[in-house]
Structure formats: C-alpha cells, structure tokens
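Written out below as structure tokens is the structure these notes cover.
The values are calculated or read from the model by the stated rules, or taken from the named source; none is laboratory data. Just so it is clear, the model here is predicted, and its values are computed rather than measured. Cβ placement follows ideal geometry from the backbone for every residue including glycine, while neighbour counts extend to all protein chains displayed. Heads up: the accessible areas ignore ligands, DNA and RNA and are worked out on the full protein's heavy atoms, side chains in. Shrake-Rupley method; radii C 1.70, N 1.55, O 1.52, S 1.80 Å.
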Amino acid sequence: MKDLLIEIGTEELPARVINPAVTYLKEKLSEILKREDIKTYATPRRLAFFVKDFENVAQEREEVIYGPPVKVAYDEEGKPTRALLAFLEKNSASPEEVERLQKGEGLYVAIRRRVREKSPLERLTEAFEELLLSVPFPKTMRWDSSSLRFSRPIRWICALYGEEVLPLRFGRLQAGRSTYGHRILSPQAVELKSAGEYEKLLKDLYVVADYRERLGMVEAFVKDEAYALGGEPYYPEGLEEEVANLVEFPFAVVGKFEEKYLELPERVIMTVLAHHQRFFCVRSGTGLLPYFIAISNNYPRDGIIVKGYEKVIRARLEDALFFYREDLKTPLESLVPKLSEVLFHPKAGSMLEKVQRVKELALKVGRRLGLSEEKLKKIERASHLCKADLLTQLVKELDELQGYMGYVYALKQGEDEEVAKAIYEHYLPKSSSDQLPSSEVSAVLSLADRLDSLSTLIKAGETPSGSSDPYGLRRLSYGLFALLEAFGWDIDLSELVEFTPELEAFLRQRLEAYLDPYGYDLVRAVLEVKNIRRPYEVIKAVKELASIRYEEEFYKVVEAYRRVVRILPEGWDDMRVDEGLLLEREERELWETVKKLEVKDMKELAFLKPYIDSFFDRVLVMDPKEEIRRNRLALLLHIKKLFGRFADLSKVVIDGGAR
C-alpha cells in the first residue's frame, strides 16, 4: 500500500479561515476516500492532507438486470420471443445467462452482472474541483479568466499516491509533484519523490506544516521570552492560535517601548499591541512591563526587524495615549445627549433611544426582583452612562474596548465603583466561555440590554437565518439564558417587553440549543408544559429531569405516566370525579392518594406507581356504563395533570439512554 498526499498551495490565507477550511475539507475527503485517519497540515500558504497506507481498490458489486416477464420472454413452445432477444442484445448477454427471478408477484427473466465501481482516487479526481469550490469561506476571489473562486489564489497543487502524480485539476492548474518552502527563507520549488517524505522535507525548507506543532512552538517561545523578562505573557484569548496561522516557521522577537505609555490602562496597551500587530504583552506581579513579544515569519537578523516593530508600536501607543488623555477631559455625562446622533437601527431609533429603553427596562426588572432603592439608583445611573463610551476617541479607534473604557473613565470621573463596573459588565457574557457579571446591578443591566436588543431587532425583521446573524442575536440570547440561570431569576419576559410570535419562536429555538447538552428529548418534554416566556422555569425543570433520568424512580414515574395517557382519549378534558361512582377498592385508594399527595419533586410521583398498576390490573377503565367510564377517565386526567406539572413524559426516551 502507498501513502497519499494532497496539498493545495495558495497565496497567504487569512488566519481565521485556515482551521475551518481544513476541518471542512477533511470531512469531505473522508467521505470520498472512506478513511477517517486523515492527517491534516495547514499554514498560511498551504492546506494539505496525508493518508498513510492508502489502499486504492475499486470495489465490485453484483447487479441484477430484470427483463420482461417470463410469459412474455418465451412463447408457448418455450422459445425466446423478440422481447427476450431484444433484452439480451441490449445487455450483450447470451441465453445461457438468463435466470428466472421473482419480482413482486411476478416471475421475470434476469441476468447478473459484476459491476466495477469507481476507485476512491477516481472519485476524488472527478470531485476535486467542486470540492474546493464548495469550501464555505466568508469571502472568495477570482484571479484569472476561469472564474473559479477560492479564499486566495491557488498557485500549485501537489498530489501524490506513493510516487505517482494524481491527475487532479483546478481550472487550468494541473497537479504535480512540486511543493514550495518558506516564501523568504526557502522560496524555490522542490520536487517530492514520494508522498511519505512531505513533512520532513518541508521542515528542511523552514515550514512547520503541522498546525498543532507550530502552535506549541509559538506558546513555548512566548512563555520562555516572558519568563526571561521576569514576567508572564498577557494577551487576549485566541491570539496564539491566530499568530500560529500567520507564520510558517515562528521566530520570537522581543521589543521594548517607552515607560511613559504605562500610563495607559493595561488592557488598552494589550489591545493596541494585539489588535494592530498581533504582539504579546508581558506582565509581572506589579503590573505591565514595557516589553512586547512578537512572532516573526523571518529570521530576526541584525535587529532590523525589532527596530521596525518598535517604531510601529511607538506610533500606535502615542495615538492611544493622546486619545486617552483627550477622552479624560470630557465627562461621560456630556456624551450621553450626543448618542442621539448614533444610529442603533433604522427601525429601532438612535442609541440614545435605546439607552432610554434599557434604563426603563432595567428599573422594571430591578423592581420585580425586589432590589433595594440603593441598587435601583445604581442601575439607573449605570443605564444612563452605559453607551456613552461609544463616542470616546479610544473606543472609536478600538471598538473592542467598548464597555471597558466606560468603566475606566467612569472611575476616573468619580462614579460609584459598582456603577462603573456595570458599564463594563453589561456586555458580559460575550461568549459561552466568558465570565458573567459579578453583581446584581451589572446583571440586571446586562439582562435589560439583551432583552431590548432581541425584542426591537426581531421586531425590525432581523431574525437570524442560516449562518447570517449580523447583530449577534444568537449570542445575545445565550447570554440572556446564562444570566437567568446563574442568578436564579424566574422572570416572565412577556411582562417586560412585547412578546411577538417571532420573538417567542426565536427564543424557543435558542433555548432548545442552550439546553441541548441535557438531552433534546428532556427539553421537548419540559417545553410541552412550561412556558418559554419564563426561561428559568424551563431551565430548572430540564436540569432536574437530567439529574434523575437514570434513577430507578424516574423509570417508574415514566412508566406510570405512559400507562395513564395511553388510555385517555385524545382531547379528553372532563375532570369531574364523582366519589360515589368509585366502585372498586383500587380506584378509591388511587383517588385518595392523589388527593392527599403534595408533590414538590418529580421523583415523589414514583409513589403512585403501585397504586396505578393495581388500578389498571383490577379495574376496567372503559366500563360499558358511560358514567362509570367517564368517572374513571376523569380520575386518570387528574393524574396526568399532576405529572404534567413537570414535563410531558411521553416525549422522554428511556431505551437507549439520554438520546
């Protein structure tokens, strides 16, 4: 068996598209090649796939070709008719190959053929161009008259099966055995003798093709250099992954900036360095150090590279310091009226109108939660100032600092610390892994801001569809549910905002996704009986179900419930139980037990199972007498309602576990 290599060489790809593209192509190649163990390589200039000991065998299958019915294929003397002869001629077959096979209710003539299927590499050759065209890049480009598109121009294709070149094509580009090394350190084309030497050869050409290995080198370089400077790396989440996809062979470079820039808040310096240059800061126990660590794609000779980096950083930090000092001269309070000039959405008004809506909503939430007057005043003040920093020069330059700069400026201008923190934390959480607000004041403001955005934007027709979500409404809904769950707030959202059918449908869909880890069947079961307008009630019920679903009591509860609902006619709503018509001991015992039962936990319903079993074993529910039959069905409806306080247990999957 031979090794298989497919390499797509490109102009420098954007760092953010590389890993998703590799994942997508690996999945598609696995389907075509029928192999799961595909090793991937990815750098800014190449996406490559390697399969060791690949067997390119064309499978054969037997195909049965049916002809006319037997009575049509042969005449009365048993001789072939023209219909049979035409069938044999069409399929290049002889009379000796004919069989008689049952098909449905009739007997037909048929022949068997061994059909050779296409080999995996034949399928790949046919599908290759369409495969590359199907990669879901955010943006694509054309670079020649072929009109084919990719994220960046494809410059070469290296495709080898052992030592054999595969006939893959993309437009006018034909695959060969040549690959290229590092653009600067080893730019020449190099021919591969066989697929197996790919990774080692590239390392000799200053290309670390394995993304994980390159990422490990970046992390080690940054950590080692920071340690040598007496500190530790300080950088935003995800920067190391991005940097690993900006270089083919990483080199660490340490630079320095003037200490006067340490006047800036640490996060501002970190954001400036990471946003513009993808550099790492260094922090010690006493604060930020005036150094940075860069990962270069070229060997740093004679200090030329570091001098260039320092020159650029000096200009960036000088601008940031100027903006920071100018912003401090302008109180946040004075910026609030000017939010009327900032558009939130054409159908939802200005940012000032949004601030007014959020303030009203936050105070309404705070009062419903019974918060103290002191906290309500802080919520009102934080709501008033929460968007003011959008008009500061530093946030206009670096929009990822919104909220944080409001916090910094509010503290500098003498605002209460909890108010200042709420200005920053009302944007939290920004992702599923992000921290939550640290106080009720911050959380209430965050909840109000999200709820306002969701209700106004969905009403404005911005409900996300497919992968399009320009306003991040899915992320906002996740944060909304996370806040309600973390703080245990059982709030009816329809009492706070207009609950349109579109908003209700969207929140239901997103809550199902939020709770999916607990089991989709449990989520469906709870949503059948709980109102989406009170998300915390749904979340709590799903979590409680998930915590007991593998306990014996839960199985008993589900079995009991199913016995009850199985016999109730659809749409039955008569709950009138006449105790005088309870003729059998078992039905009287069941009714008395149901009346006295005070259920706080679903597991307690397991107590009913023996009574329900005894009832069904000894009582004829569908009694010939109408009043007795009606009375027994009414009793069962009471039990169904009792169970239904928690979930529609008919939706729960028992056999096969959670799913």
Residue-by-residue Karplus 3J(HN,Hα) for the range 76-82, coefficients 6.51, -1.76, 1.60, Hz, glycine and proline x
5, 8, x, 8, x, 8, 5
Which lysines, on any chain, are close to LYS595 with Cα under 30 Å apart, when same-chain ones fewer than 8 places away are left out?
LYS530, LYS540, LYS543, LYS556, LYS603, LYS609, LYS625, LYS640, LYS641, LYS651
Residues with amide H under 5 Å of PHE344's amide H, sequence separation 5 or more or different chain, H placed in the peptide plane at 1.01 Å from N; which?
SER350, MET351
Between GLU495 and GLU360, what length in nm is gained on full extension when 0.36 nm per residue of separation is reduced by their alpha carbon distance?
47.3 nm
Sorted by mean Cβ packing within 10 Å, highest first, what order do the peptides 145-155, 569-579, 176-186 take?
176-186, 145-155, 569-579
Quick one: with all protein chains in place, what share of the accessible area of the chain is carbon or sulfur, to the nearest percent (1.4 Å probe)?
47 percent
What residues have an amide H closer than 5 Å to that of ILE157, excluding those fewer than 5 places away on the same chain, when H is modeled at 1.01 Å from N in the peptide plane?
GLY9, GLY176
Under 18 Å Cα to Cα from LYS375, which lysines show up? Leave out anything in the same chain fewer than 8 places away.
LYS359, LYS364, LYS421
In nm, what is the difference between 0.36 nm times the number of residues separating ALA460 and VAL72 and their Cα-Cα distance?
132.9 nm
Per the Debye formula with a single identical scatterer at each Cα and no solvent contribution, what log10 I(q)/I(0) holds for the chain at q = 0.05, 0.06, 0.08 Å⁻¹?
-0.43, -0.60, -0.93
Hz values of 3J(HN,Hα) by residue in the range 427-443 - Karplus curve (6.51, -1.76, 1.60), Gly and Pro given as x:
8, 8, x, 8, 8, 5, 9, 7, 6, 9, x, 8, 9, 5, 4, 5, 5
Taking the Cα centre of the range 100-205 as the origin, how large is its charge dipole in debye, to the nearest 20, when only Lys and Arg (+1) and Asp and Glu (-1) carry charge on their Cβ atoms?
360 debye
From the helices alone, meaning DSSP H stretches of at least four residues, give me the mean residue ellipticity at 222 nm for the chain, per-run term -39500 (n - 2.57), in deg cm²/dmol to the nearest 500.
-14000 deg cm²/dmol
I'd like to know how the range 480-579 sits against the 2.2 N^0.38 Å rule of thumb: what's its Cα Rg over that expected value?
1.28
Under a 1.4 Å probe, what is the accessible area of the range 46-129 per residue, stated in Å²?
64 Å²
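Between ASP574 and ARG474, what's the calculated FRET efficiency when r is the beta-carbon distance and R0 is 41 Å? Round to 0.05.
0.40
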Return the Rg/Rh ratio of the range 150-302 with Cα-based radii and a Kirkwood Rh.
1.11
Just to be sure I follow: if Rg is taken over the C-alpha atoms of the range 1-150 and Rh is the Kirkwood radius over the same atoms, what is Rg/Rh?
1.26
Could you give the length gained by full extension between GLN277 and ARG149, i.e. 0.36 nm per residue of separation minus their alpha carbon distance, to one decimal place?
43.2 nm
Once phi for every residue in the range 392-404 is put through the Karplus expression 6.51 cos²θ - 1.76 cosθ + 1.60 (θ = phi - 60°), the whole-Hz ³J(HN,Hα) values, with Gly and Pro written as x, are 7, 5, 5, 6, 4, 7, 10, 5, 5, 8, 4, x, 5
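Where does each of 475-481, 620-626 land if you order them by average Cβ count within 10 Å, highest first?
In descending order of packing, they fall as 475-481, 620-626.
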Before anything else, pin down the relative contact order of the range 46-205: Cα pairs under 8 Å, at least 6 apart, normalised by residue count, whole percent.
16 percent
If each of GLU502 and SER134 carries a label point 7 Å out from its Cα toward its Cβ, how far apart are those two points in nm?
3.3 nm
Could you pull out every residue, at least 5 positions away or on a different chain, whose amide H is within less than 5 Å of the one on ARG283? Hs are placed 1.01 Å off N in the peptide plane, and Pro or chain starts have none.
GLU232, TYR234, LEU289
Sorted by packing (mean other beta-carbon atoms within 10 Å per residue), highest first, where do 444-451, 340-347, 528-535, 417-424 land?
444-451, 417-424, 528-535, 340-347
